[in-house]
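> Got a structure for you, written out below as structure tokens; questions coming shortly.
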Amino acid sequence: MKVIFDTDPGVDDAMALYYALAHPSIEVVGITTVFGNVTVTQATANALYLCGLTQCDAIPVAAGAARPLHKTPEAPPAHIHGSDGLGNLPQRDSVIGFAVEKDAADFLIAQVRANPHAITLVAVGPLTNLATALARDTTWAALVQRVVIMGGAVSVPGNVTATAEANIWNDPHAAQLVFEAPWQVDVVSLDVTHQVIMPAQLFERLAQRQPHAAMQTLNHAVQFYARYYSQRHADTVGKMHGCFGHDVLAFMALTDPALFQTLDTRLGVTTAGPEEGRTVQLTEGPARHTIYTSVDSAGCVKAFEATLAANWLG
Ligand code: BDR
Ligand code: CA
């Protein structure tokens, strides 16, 4: 599977990127960055850094949107991901990388046009880059093989407000454009990501097993992130000291579909008012969205560890 990863790294984004790089059936052919967990400048620096650490610096990284389409941007959640997006790393190795000249939306359009019906988009941040590409090229959507997003909360509460999940909250207008576009979207939402707790110890084990800068970096970031989640969800996540894997489940939906149950439906987004950012099931129109309704949590954790523990770092 050739994938372009649209991301705001971000700790769970880093987890997802390393899962994708480690997985034998995924080829990451490009990364596009977006504001969200951090500024887009920091997200781009983090994507380049994470790739540099794994000697995957040949993967092109294109910088994307710095702010939402219409709403007033909010400060990044430094208390969740750290002010650097990677759990406040004490230092960084000197890994130098540069983003490509094209911005994210132009990069997405060019790559998909050069590889029609061959590229899957995995988008795990605010959907601003995808929405911008849809606006710039109105026939582009039909050439994308598949779209998987991490975002939304369909039958469960949100994580920013009572009804809104962070990626949709950060740019509800972009999410609405992505849901309305003429393509099928797989929506990996909090309905399943809140069912999968990644134990913090798992990352310690991985870092001990592979004393490589990439795994040390991921472990540092996850330990920071797990402190937040263990406190916020003391009765569930806190009991085993861990965190939600959120973004990595978007890749697991591709690599391990048997771990999930899904439902074909149609979603819309509330773009204003007290329920701003809510993903709503619509009763009219063709079913163009596959929502993920349940997941084999233990199976996900096991598959994640097996993939990261394999010999992918050389
Ligand atoms: C989503 O929001 C971000 O903070 C995470 O990286 C994930 O993409 C979870 O709501
Ligand atoms: Ca993310």
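The values are calculated or read from the model by the stated rules, or taken from the named source; none is laboratory data. If you're wondering where the values come from, they're calculated on a predicted model, not measured in any experiment. Cβ coordinates were reconstructed from backbone atoms using ideal geometry, including for glycine residues, and neighbour counts include every protein chain displayed.
> Report, by residue number, each residue of segment 1-23 that is part of a loop (DSSP other than H, G, I, E, B), of a type outside the set (A, V, I, L, M, F, W, C) and within 12 Å of Phe251 (Cα to Cα).
The answer is His23, and nothing else.
> Taking segment 50-62 as the search range and keeping residues that are surrounded by 24 or more Cβ atoms within 10 Å (Cβ to Cβ) and touching a residue at least 40 places away in the same chain (Cβ under 8 Å), which one is farthest from Asp6 (Cα to Cα)?
Leu50
> What's the number of the condition Tyr229 fails, among (1) closer than 21 Å to Leu127 by Cα; (2) touching a Phe, Trp or Tyr at 6+ places or on another chain (Cβ under 9 Å); (3) of a type outside the set (S, T, N, Q)?
(1)
> So which residues in segment 15-36 are in contact with a strand residue (DSSP E or B) (Cβ under 9 Å, 6 or more places away or on another chain) and either within 16 Å of ligand 1 (Cβ to nearest atom) or free of Cβ contacts under 8 Å to residues at least 60 places away in the same chain (or both)?
Those that are in contact with a strand residue (DSSP E or B) (Cβ under 9 Å, 6 or more places away or on another chain) and either within 16 Å of ligand 1 (Cβ to nearest atom) or free of Cβ contacts under 8 Å to residues at least 60 places away in the same chain (or both): Met15, Ala16, Leu17, Ala20, Glu27, Val28, Ile31, Thr32, Thr33, Val34, Gly36.
> When you go through (1) within 15 Å of the chain's Cα centre (by Cα); (2) under 22 Å from Gln223 (Cβ atoms); (3) of a type outside the set (S, T, N, Q) one by one for Tyr49, which number turns out not to apply?
(1)
> Shifting gears a bit: If I ask for residues that are among the hydroxyl-bearing types (Ser, Thr, Tyr) and closer than 16 Å to Ala166 by Cα, which ones from segment 245-301 would you list?
Thr270, Thr271, Thr279
> Check Arg205, Arg227 and return the single one that is without any contact (Cβ under 8 Å) to a residue 60 or more places away in the chain, at negative phi and over 18 Å from the mean Cα position of the chain (by Cα).
Step by step, each of Arg205, Arg227 is checked, and only Arg227 is without any contact (Cβ under 8 Å) to a residue 60 or more places away in the chain, at negative phi and over 18 Å from the mean Cα position of the chain (by Cα).
> For the structure I just gave you, tell me whether Val147 is without any contact (Cβ under 8 Å) to a residue 60 or more places away in the chain, among the hydrophobic types (A, V, I, L, M, F, W, C) and within 16 Å of ligand 1 (Cβ to nearest atom).
Criteria met by Val147.
> With a cut-off of at least 3 residues that are of a type in the set (Ser, Thr, Tyr) and surrounded by fewer than 23 Cβ atoms within 10 Å (Cβ to Cβ), name the strands (runs of 3 or more DSSP E) lying wholly within segment 233-312.
289-295
> Picking from His117, His81, which residue would you name as being within 16 Å of ligand 2 (Cβ to nearest atom) and of a type outside the set (Asp, Glu)?
Residue meeting the stated conditions: His81.
> Exactly one of these conditions fails for Phe224: (1) in contact with a Gly (Cβ under 8 Å, 6 or more places away or on another chain); (2) more than 16 Å from ligand 2 (Cβ to nearest atom); (3) farther than 15 Å from Thr307 by Cβ. Give me its number.
The single condition Phe224 does not satisfy is (2).
> For Leu108, work out the one condition from (1) touching a strand residue (DSSP E or B) at 6+ places or on another chain (Cβ under 8 Å); (2) in a loop (DSSP other than H, G, I, E, B); (3) touching a residue at least 40 places away in the same chain (Cβ under 8 Å) it doesn't fulfil.
Only one criterion in (1) touching a strand residue (DSSP E or B) at 6+ places or on another chain (Cβ under 8 Å); (2) in a loop (DSSP other than H, G, I, E, B); (3) touching a residue at least 40 places away in the same chain (Cβ under 8 Å) is unmet by Leu108, namely (2).
> What number of residues within segment 186-195 are away from ligand 1 (no atom under 12 Å from the Cβ) and either more than 14 Å from the chain's Cα centre (by Cα) or modelled with pLDDT under 95 (or both)?
Number of matching residues: 1.
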